[in-house]
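Read through the structure below, which is laid out as structure tokens, and then see the notes.
The values are calculated or read from the model by the stated rules, or taken from the named source; none is laboratory data. Just so you know, these numbers come straight off a predicted model, no measurement behind them. We place every Cβ from the backbone using ideal geometry, glycine too, and count neighbours over all the protein chains shown. Heads up: the accessible areas ignore ligands, DNA and RNA and are worked out on the full protein's heavy atoms, side chains in. Shrake-Rupley method; radii C 1.70, N 1.55, O 1.52, S 1.80 Å.
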There are 2 protein chains.
Amino acid sequence: MDPRIREHASIVVDHSIDCEAGDEVVIDAHPEAEDLVVALVEAIADAGAHPLVIQERTGKRFRRAYLRNFDGEFEAPDHVKALYEAMDAYIAIKGSDNETQLADVDTGTQAAYERAYEPVKETRLQKTWNLTLFPAPANAQQAEMATEEYENFVWDAIVKDWDAVAEHQQPMADRLTEAEKVRIVSGETTDLTMSVAGNETLNDHGEANLPGGEVFTAPVVDSVEGEAYFDIPIYHQGREIGGAHLVFEDGEVVEHSAEKNEELLTDVLETDEGASYLGELGIGMNRDIDRFSRNILFDEKMGDTVHMAVGRAYPETVGEDNEQNESAVHVDMILDMSEDSYIELDGEVVQQNGTFWFEDGF
Amino acid sequence: MDPRIREHASIVVDHSIDCEAGDEVVIDAHPEAEDLVVALVEAIADAGAHPLVIQERTGKRFRRAYLRNFDGEFEAPDHVKALYEAMDAYIAIKGSDNETQLADVDTGTQAAYERAYEPVKETRLQKTWNLTLFPAPANAQQAEMATEEYENFVWDAIVKDWDAVAEHQQPMADRLTEAEKVRIVSGETTDLTMSVAGNETLNDHGEANLPGGEVFTAPVVDSVEGEAYFDIPIYHQGREIGGAHLVFEDGEVVEHSAEKNEELLTDVLETDEGASYLGELGIGMNRDIDRFSRNILFDEKMGDTVHMAVGRAYPETVGEDNEQNESAVHVDMILDMSEDSYIELDGEVVQQNGTFWFEDGF
């Protein structure tokens, strides 16, 4: 077994979910991730805790068989809910033998299933959880990398000292929490202002997401003004939206275009009312993620980028006096800040061409 | 997908567990059985029921990792118990990529784990359940067959009209239920008598076990007299006990020997008091199982055989006025009845050289 797999597992168990003796853990994984599951089970056993391995979110071939053959009203199954109610922690591993396994399942059926399944998901999200990835060949292919190249990419982004990452990111998280007005400028195509007054910025250092490596908050819903061009593609429902351009007035997207798959962007924005407002502003700070890999778990943490999500805001980022943007979608859009770009907080530049004020070369 | 896989799945779902709309089903399977799991999920969805796929009993590589790294008192985990309490039916699929995955796990550790895990197992056994097998290459190898040869062997034994099987077996089940005294004679080496008075004979037609194909009851505990030579090997804990010979007095094994691995037979018989008494008498009636394959799910149903298990009796076979033999073990031993053999019930021959009184050629 590649020694990085056991390092990866040890980070998940000892850092991300902070597993303790007696904890009852569910590992949700495709067989392609078997080595990582074995390493996780070892680490969970070392901690005196108890694992159960399932394929629920990760069993996409089974999901396909179910969705294509079930002919009735979907229900949230009690047995899965009972399992999630009883567990202490949940680890989901992305990675499979075919990332387009649901390609021929009717999207309306998928949406109906997701809606019915919501109570099970809610139960799961109330527990300590971690989402990570095993670099299987199909995932390397999706990222357009060689398998070994992708393994290096993934483990470089994951296997690191996350306490040191937390420390490095904290100044930016603190400053964004204190700030009222944010301005993001990149080249001639992006100049956006928004308020984050009263909202909380969180420091993602590899707990719920592994890799972590971002700080993120929620814009005040009606405060966003200006335009943004997202030069990094958006990978949504197995398709790429390329070169998206959004214009905001009073927080709402009033104009949009895309160089590739514009109709998919239109669909996203028209999902519901909240889908044309921003729910998240994030700043990617994981510089080991140095390129787009068609996987939002990695893409949104890419170093020297910012991302904004249209749709649902994370409740933990929204101050009690502020409105939480609600939507069925949360679609992240990323822009490169490494050249000809800056972030201003209350009139002061805090990042220039990807370099923060507290770093050398600012 | 081999069309027999979907036929197999349909038998499990529609016959064995008799799945109904709204049922919540757990499928416990190794990834080697993936095609059968997919077919089961299709059939479960067709029935309007809901599946969850897990690797609990079947995740032996994970079990190994857990048992070799856990250093404390084993506990029955509540999250698995909660899942089993909430489910309606449970399907376990034997079949893996290595049937000796626990070879380097201390047997004392395995036993301690099994003891602690007993409440979870009890919960599981209270639900409708089915145990079946997917013919993976490692299982073919264990049976010393080519993979395709083994697939034919397995599906010939499984894919059939189980209602017709039930009908064919019922006369023997009825007659054994009514009988008091059983005598089993084979060649010069086996002449055994026992009482089954007051005990119930069950007709196994593919419900809890697939393949099914036996009728079975419990001997009255202290009634077994005589000797038996088991010419078909016993496959126990990954090892073969060959040519076992047992001598009974007042139900107890008072002498024993084996041509191969006699010490393992001794260990079995010395497990506890009940281990040297019979807990089961079964008559194998599935003639598509025409050879030993180192898998008791198949071996005990082999046509033209009888088997006796030392150890625990199945409670459902024991009449209310009779004692149920208790033991931590239940080890089946099989003898070939196809030549120079007969079964007598209350002095009347009911099977001669494998042929029953109700069959042609008797």
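General observations
- 7 Å along Cα→Cβ, label-point gaps from B:A112 to other copies, nm, shortest first: 5.2
- Within chain A, helix-based [θ] at 222 nm, where runs of 4 or more DSSP H residues each add -39,500 (n - 2.57), nearest 500: -9000 deg cm²/dmol
- Across the copies of the chain, B:E262 has label points (7 Å from Cα along Cα→Cβ) spaced 8.8 nm apart, shortest distance listed first.
- Where GluC sites (Glu not before Pro) fall in DSSP loop in region A:1-61, at most 11 other Cβ within 10 Å: A:E20
- Carbon/sulfur fraction of accessible area - chain A, other protein chains in place, 1.4 Å, %: 40 percent
- Region A:3-158 shape via C-alpha gyration tensor axes, a/c threshold 1.5: oblate
- Region B:128-178: GluC sites (Glu not before Pro) in DSSP coil with no more than 14 other Cβ atoms inside 10 Å: B:E144
- Rounded to the nearest 20 debye, the dipole magnitude of chain B is 1260 debye, with +1 charges on Lys and Arg beta carbons, -1 on Asp and Glu beta carbons, and the Cα centre as origin.
- Of interest is the spacing of the C-alpha centroids, which for region B:106-148 and region A:1-65 amounts to 21 Å.
- The residues of region A:1-27 listed by number as losing at least 50 Å² of accessible area in the complex, against the isolated chain and with a 1.4 Å probe, are A:E24.
- What you get for the protein assembly as shown, charging only the Cβ of Lys and Arg (+1) and of Asp and Glu (-1), is a dipole of about 720 debye around the Cα centre.
- Bridgeable lysines around B:K181 (alpha carbons under 28 Å apart, same-chain partners fewer than 8 residues away excluded): B:K301.
- Cα gyration tensor category, rounded, prolate or oblate, for the protein assembly as shown with a/c compared to 1.5: prolate
- Rg(Cα) / (2.2 N^0.38 Å) computed for chain A, rounded to two decimals: 0.98
- For region B:162-356, the square roots a ≥ b ≥ c of the C-alpha gyration tensor eigenvalues yield an a/c under 1.5, which makes the shape rounded.
- Buried surface for the A/B pair, taken as the accessible area of each chain alone minus that of the pair with a 1.4 Å probe, is close to 3500 Å² in total.
- Each of B:T100, B:W162, B:Q324 was scored by the projection of its Cα onto the charge dipole of chain B, and the greatest displacement toward the positive side belongs to B:T100; charges sit on the C-beta of Lys, Arg, Asp and Glu.
- The residues of the protein assembly as shown expose, per residue, 40 Å² of accessible area to a 1.4 Å probe.
- In the elastic network of chain B, a GNM with C-alpha springs shorter than 10 Å, the most mobile of B:M87, B:M302, B:M333 is B:M87.
- Rounded Å value of the spacing that divides the Cα centres of region B:246-267 and region A:86-101: 49 Å
- Sorted shortest first, the separations between the A:D156 label point and its copies elsewhere in the assembly read 5.7 nm; each point sits 7 Å from Cα along the Cα-to-Cβ line.
- Low-density loop cleavage sites - trypsin sites (Lys or Arg not before Pro) in region A:234-342, where at most 15 other Cβ are within 10 Å (DSSP): A:R287, A:R291
- Most positive-pole-ward Cα, A:V350, A:H79, B:T201, against dipole of the protein assembly as shown from beta carbon charges: A:V350
- Rounded to the nearest 20, the size of the Cβ-charge dipole of region A:3-158 about its Cα centre is 380 debye, with Lys and Arg at +1 and Asp and Glu at -1.
- Proximal lysines relative to A:K127, as straight alpha-carbon distance under 19 Å, when same-chain residues fewer than 8 apart are discounted: A:K81, A:K94, B:K81
- Using the Cβ-Cβ distance between A:D321 and B:A103 with R0 set to 56 Å, the FRET efficiency works out to roughly 0.35.
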